[in-house]
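Here it is, the structure, as structure tokens.
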Amino acid sequence: MDSLNRLEEIFAHFPGIGPRQAKRFVYYLLNKSPASIKEFTQLIEEVKKSTAECSSCHRFFIGTNVKAAVCPVCSDSSRDTSLLMVVARDSDFESIEKSGAYRGLYFILGGTVPILDKEPEKRIRLNALVQRLTDKESPVKEVILSLNATPDGENTAEIVGKSLEELMSSRKTLYLSKVSVLGRGLSTGAELEYVDADTIKSALQNRH
């Protein structure tokens, strides 16, 4: 496989990007000046170097490249630490934050689990979530499952929900007493990344 086709293949693995769009990306870059390409590649390297993964919520943020780094949201003393919202991806976190409807903490699962997948722990940070909830220094009373209203999102919510029910029944977490899901302000098939602020507020207010 030559470099051009290899680049197309890489772009095609981007979320929501198919082979035709991937090809357009490649030819778009080929038509850019050497200076623009250099700036583009340098910016990717800069973002990678200046971005850290939060050790608490696992979202990416601009900060020191230290493994123990904690993002500004998790370190904000004004947040309600008794609430933990579980979302699939960083883009979902950004949509919720922009709505201004939520002032608790977050946990990024890192994706969703396709229906019939036999090893969900390899797809999402399920074990890390359980560990987060058993941390006595950061007691959480309610977990809000904020996942896409799609088959994969609902399957993931069911898997995570069952794990949390087992966690509560085993009394390994002394504080968690409620697991809720977003209300049906979200229409079936909706993805949080593209939902408007008013709909997110409604879904949060009507969680159950």
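Residues of the stretch 91-114 being closer than 16 Å to ALA128 by Cα and either among the aromatic types (Phe, Trp, Tyr) or touching a strand residue (DSSP E or B) at 6+ places or on another chain (Cβ under 9 Å) (or both), which ones? Give the derivation first.
Step one: filter the stretch 91-114 for residues closer than 16 Å to ALA128 by Cα, giving 105-113.
Once the filter is applied, which keeps residues that are closer than 16 Å to ALA128 by Cα and either among the aromatic types (Phe, Trp, Tyr) or touching a strand residue (DSSP E or B) at 6+ places or on another chain (Cβ under 9 Å) (or both), the stretch 91-114 yields LEU105, TYR106, PHE107, ILE108, LEU109.
If ASP152 meets every condition in (1) among the acidic types (Asp, Glu); (2) exposed (fewer than 14 other Cβ atoms within 10 Å of the Cβ); (3) in contact with a Pro (Cβ under 7 Å, 6 or more places away or on another chain) apart from one, which number is that one?
Tallying (1) among the acidic types (Asp, Glu); (2) exposed (fewer than 14 other Cβ atoms within 10 Å of the Cβ); (3) in contact with a Pro (Cβ under 7 Å, 6 or more places away or on another chain), ASP152 fails exactly one: (2).
Looking only at the stretch 116-131, how many residues end up being surrounded by 11 or more Cβ atoms within 10 Å (Cβ to Cβ) and either over 17 Å from the mean Cα position of the chain (by Cα) or part of a helix (DSSP H, G or I) (or both)?
Of the residues in that region, 7 qualify.
Right, GLU9: part of a helix (DSSP H, G or I), more than 16 Å from the chain's Cα centre (by Cα), exposed (fewer than 15 other Cβ atoms within 10 Å of the Cβ) and modelled with pLDDT of 90 or more or not?
Judged against the criteria, GLU9 is a match.
Only one residue in GLY110, GLY63 is at pLDDT 90 or above and among the small types (Gly, Ala, Ser). Which one? Spell out how you get there, then give the answer.
Values: GLY63 fails: at pLDDT 90 or above.
Checking each option against the conditions leaves just GLY110.
Could you grab me the full set of residues in the stretch 71-115 that are of a type outside the set (Ser, Thr, Tyr), assigned to a loop (DSSP other than H, G, I, E, B) and over 19 Å from PHE60 (Cα atoms)?
Passing the criteria: GLY100, ALA101, VAL113, PRO114, ILE115.
Out of curiosity, is LEU164 surrounded by 13 or more Cβ atoms within 10 Å (Cβ to Cβ), touching a Leu at 6+ places or on another chain (Cβ under 6 Å), closer than 13 Å to LEU84 by Cα and modelled with pLDDT of 85 or more?
Answer is no for this residue.
When you scan the stretch 139-156, how many residues do you find that are farther than 24 Å from ARG79 by Cα and aliphatic (A, V, I, L, M)?
1
Right, here's the next one. Can you tell me which condition TYR27 does not meet? The list is (1) within 18 Å of ALA157 (Cα to Cα); (2) outside any loop (DSSP other than H, G, I, E, B), and all the others hold.
(1)
Could you run through the stretch 30-63 and say how many residues are assigned to a helix (DSSP H, G or I), of a type in the set (Lys, Arg) and farther than 30 Å from GLN131 by Cα?
Number satisfying all stated conditions: 1.
The values are calculated or read from the model by the stated rules, or taken from the named source; none is laboratory data. In this text the structure is predicted, and so the values were computed from the model without any measurement. Quick reminder, even Gly has a Cβ in these numbers, built from the backbone with ideal geometry, and neighbours come from all protein chains shown.
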